[in-house]
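The values are calculated or read from the model by the stated rules, or taken from the named source; none is laboratory data. Worth saying up front: this structure is predicted, and the values here are computed from it rather than measured. Here the Cβ positions follow ideal geometry from the backbone for every residue, glycine too, while neighbour counts run over all protein chains shown.
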Amino acid sequence: MRLAMAQINTVLGGVQANLEKHLALIDQAQDGGADLVVFPELSLTGYLLQDLTAEVARMADPQDPLLQPLLDASRKIDLLVGFVETDARHRFFNSAAYLAQGQIVHVHRKVYLPTYGLFDEGRFFAPGAEVAAFDTRLGRLGILICEDFWHASPPYTLWLDGADVMIFMSASPGRGLDTEARLESARWVEQVTQAYASLFTTFVANIGRVGFEDGLGFWGGSIAFDPHGELVARGPYLDEELVFADLDQQQLHRARARLPLLRDERTDLVARELQRIRSSEPAGLRQLGNPPEA
Amino acid sequence: MKKSEIRLDINTALARKILTSFIHSEVTRAGFSRAVVGLSGGIDSAVTCMLTAEALGPENVLALRMPYASSSPESLDHAGLVIELTGVQEKTLAITEAVDALLEQIPAEQRVRRGNIMARVRMAILYDQSAEFGGLVIGTGNKTEILLGYTTQFGDAASAINPVGDLYKTQLRQLAEALGVPEVIRHKAPSADLWKGQTDEGELGFTYELVDQLLFLLVDRRHSPEDCVSAGFEQRFVDTVVERMRRHQFKRVMPPIAKLSNRTVGYDFLYLRDWGT
């Protein structure tokens, strides 16, 4: 499987301009022989939308004029794009749509909305309620959006649900300048991305965006690791690029023959212990931040 | 953490790449290709000018020297070094006449008032030249002076974008060295040069090196003032800096608007400046 990671800059709130850039890169990815082209988080809208959130939101509807040209393009190559989704009740989600063969195959709604420090997503978005893998012609995949993979449980859930390729879509503002050649935010993301590939003996790719929104600079650095946790491909920092990564899916066979972590995973134990922790009074509940179930 | 263990060292190549990209992005998406920088002869504006020249090309940058009668002639020469080094366009517009007309009413001993007039006249000229040259005004204020409020509001603090505002003075010095800012500029005592013999460190009462370490602990590392005293900073110094930061918050924010309607600029009318670009 040939993955194209479209590390792009976007126009803030400029959906039409972003769509045109998507279509151009889709052509390039296809020319480069890619099977799937992935764009970063909120690739069709820009990231720091604030009050633009509601203005650029749309339903995940095949008739939508924004999605239609993308669905047409998806007859030739699979696509994963980021957008603001609204549901019928007018809740807005930070979503990603997997498009293939002219169909919307899967929509992931970002579950963990960072609302601290420089982030304010919880103010504008509703959180998603599902983390699920899904089948494609390229195998069973899973999608997470940025903060989703800062938590360990969504990648773990995707692993159990059968995702052999995990695609992370990010819009990560660069921060933490010290003496290192990479920003602290870049180091952290690359470290955990590689760790997930190693721990889950699965492919993991993170597609980042570049460009600035006011003073925030997105660092790019798209990267893909194989099921041994080894680097497959990486994009530049801070500059746009279409980065190709060849994922040899036979590696899953070899990696899991060597290291049968998936085979040995004790999901029954996890479920039991989670149940115990969730029901234990009072510390467990407080730690999970969940109200007791009635 | 002990005071002696605090490091503010930065990767200057990475800073340079990010800041030149920032300048190019934020100037061009605002519909401009050119920029105007006030060049004082000091290190902050030298760094800003060099970054801007690198980002936009020297032919697209106008460096303005705006001396007052009492300004040190060295300042003018040092600014000249940067102009020569970068090849940017240059204009020298003395502010003496304009300032003197305003200073007539201000007693000589009220130095801060007089200094503010100079800073604001320079701002007015920068923005006028911005219109003539067709370039955005690039800010030169560093993180140390922004946090301490050691600036003139609507004076030297005024700009369209500020590439160096998240670098402490000591970090900016590292970047200056990497960019090749002449040694004579890097090694002289920092001064606003608003009156004879004025130096930043003399006026503030402490060195940049020391206060940057304290600010780094308080701001970047979120330590409490008590932690900072335990780390080895003097209590009185910590108190002074903490209070200075608090007292000058007004210089760091837009003027608050009294809320009356359901949607008010600054509270619940929220768009980035880059809206639509």
Any hit, the range B:115-134, residues being outside any helix (DSSP H, G or I) and more than 20 Å from B:V37 (Cβ to Cβ): no
Enumeration of residues in the range A:204-250 that are of a type in the set (K, R) and over 18 Å from A:A34 (Cα atoms): A:R209
Hits in the range A:1-26 (condition: in a helix (DSSP H, G or I) and either touching a residue at least 12 places away in the same chain (Cβ under 8 Å) or within 14 Å of chain B (Cβ to nearest Cβ) (or both)): A:V15, A:Q16, A:A17, A:N18, A:L19, A:K21, A:H22, A:L23, A:L25, A:I26
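Would you mention how many residues in the range B:214-229 are assigned to a helix (DSSP H, G or I) and either at positive phi or among the polar types (S, T, N, Q) (or both)? Steps first, please.
Going through the range B:214-229, the residues assigned to a helix (DSSP H, G or I) turn out to be B:214-220, B:225-229.
Subset that is either at positive phi or among the polar types (S, T, N, Q) (or both): none.
Within the range B:214-229, residues that are assigned to a helix (DSSP H, G or I) and either at positive phi or among the polar types (S, T, N, Q) (or both) number 0.
Could you please find all residues in the range B:195-244 being of a type in the set (G, A, S) and either crowded, with 16+ Cβ neighbours inside 10 Å or within 18 Å of B:Q171 (Cβ to Cβ) (or both)?
Of the range B:195-244, the ones of a type in the set (G, A, S) are B:197, B:202, B:205, B:224, B:230-232.
If the condition is that a residue be of a type in the set (G, A, S) and either crowded, with 16+ Cβ neighbours inside 10 Å or within 18 Å of B:Q171 (Cβ to Cβ) (or both), then B:A231 is the only one that fits.
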Some residue of the range B:247-266 being of a type in the set (S, T, Y), farther than 30 Å from A:G46 by Cβ and modelled with pLDDT of 95 or more: no
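Which ranges mark the strands (runs of 3 or more DSSP E) fully within the range A:191-237 that have 1 or more residues being touching a strand residue (DSSP E or B) at 6+ places or on another chain (Cβ under 7 Å) and closer than 21 Å to A:L138 by Cβ?
Hits in the range A:191-237: A:203-207, A:223-225, A:231-234.
Let's see how each residue does on (1) modelled with pLDDT under 95; (2) not small (G, A, S):
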site	(1), (2)
A:I207	no, yes
A:L216	no, yes
A:A224	no, no
A:R234	no, yes
A:Q275	yes, yes
Scan of the range B:82-114 for residues that are assigned to a helix (DSSP H, G or I) and among the charged types (D, E, K, R), ordered by number: B:E84, B:E97, B:D100, B:R111, B:R113, B:R114
Selection from the range B:6-35 of residues that are touching a Lys or Arg at 6+ places or on another chain (Cβ under 9 Å) and either more than 9 Å from chain A (Cβ to nearest Cβ) or part of a helix (DSSP H, G or I) (or both): B:I6, B:L14, B:E26, B:V27, B:A30
The range A:33-67, subset loosely packed, with under 14 Cβ neighbours inside 10 Å and either over 21 Å from the mean Cα position of the chain (by Cα) or within 14 Å of chain B (Cβ to nearest Cβ) (or both), residue nearest to A:R137 (Cα to Cα): A:G33
Considering residues of the range B:40-66 that are in contact with an Asp or Glu (Cβ under 9 Å, 6 or more places away or on another chain) and not in a helix (DSSP H, G or I) only, the residue farthest from B:E145 (Cα to Cα): B:L62
Members of the range B:257-277 found to be closer than 21 Å to A:D214 by Cα and away from chain A (no Cβ under 14 Å), listed by number: none
Qualifying residue in the range B:48-55 (condition: within 30 Å of A:Y237 (Cα to Cα) and free of Cβ contacts under 8 Å to residues at least 24 places away in the same chain): no
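Every residue in the range B:153-173 that is closer than 19 Å to B:F22 by Cα and in a helix (DSSP H, G or I), please.
Filtering the range B:153-173 for residues closer than 19 Å to B:F22 by Cα gives B:157-168, B:171-172.
B:Q171, B:L172 - these are the residues of the range B:153-173 that are closer than 19 Å to B:F22 by Cα and in a helix (DSSP H, G or I).
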Which numbered condition A:L177 misses (of (1) within 14 Å of chain B (Cβ to nearest Cβ); (2) under 20 Å from the mean Cα position of the chain (by Cα)): (2)
Residues of the range A:94-133 that turn out to be surrounded by fewer than 17 Cβ atoms within 10 Å (Cβ to Cβ) and not hydroxyl-bearing (S, T, Y), as a count: 14
Selection within the range A:103-133 - touching a Lys or Arg at 6+ places or on another chain (Cβ under 7 Å) and among the aliphatic types (A, V, I, L, M): A:A126, A:A133
Residues of the range A:39-73 satisfying the condition of being over 24 Å from A:V111 (Cβ atoms) and touching a Gly at 6+ places or on another chain (Cβ under 6 Å): A:L71
The one condition in (1) surrounded by 11 or more Cβ atoms within 10 Å (Cβ to Cβ); (2) at pLDDT below 95; (3) not polar (S, T, N, Q) that A:E241 fails to fulfil: (2)
